[in-house]
1. Neighbouring Cβ atoms within 10 Å as the yardstick, rank Asp266, Asp377 fewest first.
2. To test your reading of the geometry: what angle, between 0 and 90 degrees and rounded to tens, separates the Cα axis of helix 281-292 from the longest principal axis of the chain?
3. In whole Å, what three semi-axes, largest first, describe the equivalent ellipsoid of the range 121-255 built from its Cα gyration tensor (square root of 5 times each eigenvalue)?
4. At a threshold of 8 angstrom on Cα-Cα distance, excluding pairs fewer than six apart, so keeping six or more, what relative contact order does the range 3-402 reach in percent?
5. Hey, got the Cα dimensions of the range 328-375 along the principal axes, in Å, largest first?
6. How large, in Å, is the range 126-175 by the Kirkwood hydrodynamic radius built from its alpha-carbon pairs?
7. Treating the angle as unsigned and between 0 and 90°, give the value, to the nearest 10°, between the Cα long axis of helix 259-269 and the longest Cα principal axis of the chain.
8. Sorting Tyr221, Tyr247, Tyr318 on the 10 Å Cβ count, fewest up front, what's the list?
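Here, each number is a calculation from the coordinates, and none is a lab measurement. None of the values given here were measured: they were computed from a predicted structure. Cβ placement follows ideal geometry from the backbone for every residue including glycine, while neighbour counts extend to all protein chains displayed.
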Amino acid sequence: MHRRSFVLAIGAVLFSSCAPGTLPDPGTDVLGEQQAGVRTAFGDPLPGLTADELALFEAGRGVFQETEAVEDGLGPVFNEASCVACHLGPGVGGSTGRLETRFGRRNDSGGFDPLATEGGSLLQDHAIGAVPGQTFLPETVPDDANVVAKRRTTPLFGLGLVDATPDDELRSIAALQARVAPDVAGTVAIVPDLFSGKPRVGKFGWKNQNPTLLQFSADAYLNEMGITSPKFPDESCPQGRCEQLAYNPRPDLNDADGADVQAFADFMSFLAPPPRARSAPESLIGGRVFLAIGCAVCHVPALVTGPSAVKALNRLVYHPFSDFLLHDMGSLGDGIAQGAAGPRQMRTAPLWGMRASPSLLHDGRAATPLQAVLAHDGQGRRARDRFAALDKRARNALLAFLDTL
């Protein structure tokens, strides 16, 4: 799909959302319905990889599943000892639904303090225990924290396609939203790219705090497992007590050459998107309802990658159902300021693969798509209210459509 036709298709989707009751036909497979039933499985590699790329995928998957030990640099505080401990189900790279804790303090002026000197904002709920001179303990939420939020581990399927999407594509979508539906327009997160040394558009994490899969990998290796690497060389101080690091059994740079970080990124880059379930007449109707009530303004159905030396990622249309922008979600925000995101802002969650998720929304509060839709607030309130006003047939059709994602 050429860039111009892509933008026109997305424009048709956005314009349609401003006309409740219409059932638009953008003239292209914007909803990806023609891809439903494709024979891939959760956790498969991207179709069309070369033998060398498949070898990188398999090697990366192996490292992804390794369990780290203290002698590898695990800890001193951490959340899990392997990536797969959180990213499994229904295949390697998915999500167990594991919830992590963020905390901080909202001050009287509305500002947010991550309480970094007390171990925030991410709480590490495991520790390596007794070593010579020190017993490392799991962190706890400090008494002066008045913001505590849960975050669900996100699936990683298809993120190589997101990584391969040019920053300007997301800027274009934000600009189009601002023109067509300014009350729900998303915000582009601009964050530092530690590997290039330049500011980039954030795409990864609940707050879009990382711009690339490589940085996402290095960030997680440190903050989830306590493994340092060249771009994240400093250990997390347990509960903010940096003096305890004098007893760290592995004070050196743990992943000294960044090879493991690169392996994680290779695995995610070549991980296929979630397979779509087959459509039925009811779900086909539901897809049109999804467009008509405005869900697609933020949950943009189709994006396109840029030029890539990897043929399987080169100029490819894919269907994540997200604009990967920040939106003010009102009471659904988690209260945590992080990176470029304010306390009420969250990245639009991709809907692909949601039928296999054990829970929904950033804190896992929703057990069903119906609960997730009805919990929307802030810039998602209008679409929520339109959904609530649907008759039973239209509502069931929309839910049937979501069950194909």
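1. Details: Asp266 24, Asp377 15.
Listed from fewest to most nearby Cβ atoms, that is Asp377, Asp266.
2. Long axis of 281-292 versus the principal axis of the chain: about 80 degrees.
3. They are 35, 18, 12 Å, listed from largest to smallest.
4. So the answer I get is 23 percent.
5. Per principal axis, max minus min of the Cα coordinates gives 30, 18, 13 Å.
6. After inverting the pairwise mean of 1/r, the radius is 16.0 Å.
7. Roughly 10 degrees, rounded to the nearest 10.
8. Lowest count first: Tyr247, Tyr318, Tyr221.
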